[in-house]
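Please read the structure below before turning to the comments.
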Amino acid sequence: MRTLIATVAMAMASMATANTLTLPTGFYALEVNGAPAQQQGRSLALGEGKQVVTLRYINPYISHPESNDFYSSKPQYLVFDAGQGEHGLMLVLDDRRQYDPYKADLKFHLEADGQAVAMERYSGHSAIAAALAD
């Protein structure tokens, strides 16, 4: 019984100090560390330490008055260290005007308390090459 109570207390404590990643409008988390993402609104709960978050950017695009299309980016793989304790990480767009459909690659960075957080970003074949190199 004591073991069960201790386990529940530790789980609740880890949930209370969980890291979160806030995503801008249009970004959706697909996976966190290989498991399906549990995104609540624009926030995503993270664990401690190294995180691999798979994101996709989806933007409504009106190509014709009678049709609505969506621009959907390739999956983006972010690799970063969430550290320990409670941190509020934010994915920050460098310039939203760049996100018109079919334009250049998405540009964004991670911040925590207004400071840039080191991250690596991969998409497509570069993600496979990076995974095989480790």
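The values are calculated or read from the model by the stated rules, or taken from the named source; none is laboratory data. All figures in this text were calculated on a predicted structure; none of them were measured in a lab. As a convention, Cβ positions derive from the backbone with ideal geometry for all residues, glycine included, and neighbour counts pool all protein chains shown.
Data for the structure
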{"item": "Of all residues making up region 66-111, the number that are at pLDDT 65 or above and in a loop (DSSP other than H, G, I, E, B)", "result": "13"}
{"item": "Residue match in region 23-30 (condition: assigned to a strand (DSSP E or B), surrounded by fewer than 15 Cβ atoms within 10 Å (Cβ to Cβ), touching a Pro at 6+ places or on another chain (Cβ under 9 Å) and at pLDDT 75 or above)", "result": "yes"}
{"item": "Failed criterion for Gly34 (all others in (1) over 18 Å from Ser123 (Cα atoms); (2) at pLDDT 85 or above; (3) surrounded by fewer than 11 Cβ atoms within 10 Å (Cβ to Cβ) hold)", "result": "(1)"}
{"item": "Filter result (polar (S, T, N, Q) and within 16 Å of the chain's Cα centre (by Cα)) within region 112-126", "result": "Ser123"}
{"item": "Unmet requirement for Tyr57, which otherwise passes all of (1) modelled with pLDDT of 90 or more; (2) farther than 12 Å from Val32 by Cα", "result": "(1)"}
{"item": "Subset of region 112-134 that is loosely packed, with under 13 Cβ neighbours inside 10 Å, closer than 23 Å to Asn19 by Cα and hydrophobic (A, V, I, L, M, F, W, C) - its residue that is modelled with the highest pLDDT", "result": "Ala118"}
